[in-house]
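Quick note: the coordinates plus some simple rules give every number you see, no bench work behind them. Note that this is a predicted model, so its numbers are computed, not measured. Reconstructed Cβ throughout: ideal geometry from the backbone, glycine too, with neighbour counts over all protein chains shown.
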Amino acid sequence: MEKEICKISIANNWRGNEYIFYENNTIKRVYDHHSLNSNKTEWITPKEISKQSKDKLIRSCPEEFKEQIMLILDYP
């Protein structure tokens, strides 16, 4: 199992939306589709993340991981 870098939550109201970044450049997303369908998990690539979500992730990212997360996300 790869080592986790950090978890970043960009939750919207009551719906969870958390991204977990790993050292092998993989990204796991844990989110709530709706109140009856929570904690769905999917492995995603940076190309599957919208520009708006990437902006939120970088803004919410702890400073010590920001550079590494920007590289994983291929953030400008």
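Per DSSP helix of 4 or more residues, -39500 (n - 2.57); summed, then divided by the residues of the chain. What does that give at 222 nm, rounded to the nearest 500?
Details: 2 runs with 18 residues, N = 76.
About -6500 deg cm²/dmol.
Axis of helix 51-60 versus longest Cα principal axis of the chain: the two differ by about 80°, to the nearest ten degrees. Residue 49 sits among other residues whose Cβ lies under 11 Å from its own Cβ, and their net charge, with Lys and Arg +1 and Asp and Glu -1, is +2.
So, counting K/R as plus one and D/E as minus one, what does the shell of residues with Cβ under 11 Å around residue 31 add up to?
Details: positive: 15, 28, 29, 40; negative: 18, 32, 42.
Result for the local shell: +1.
Annotation: the residues 41, 26, sorted from fewest to most other C-beta atoms within 10 Å of their own C-beta, follow the order 41, 26.
Taking a straight Cα-Cα cut-off under 12 Å and skipping sequence neighbours fewer than 8 places away in the same chain, the aspartates and glutamates within cross-link reach of residue 56 are 18.
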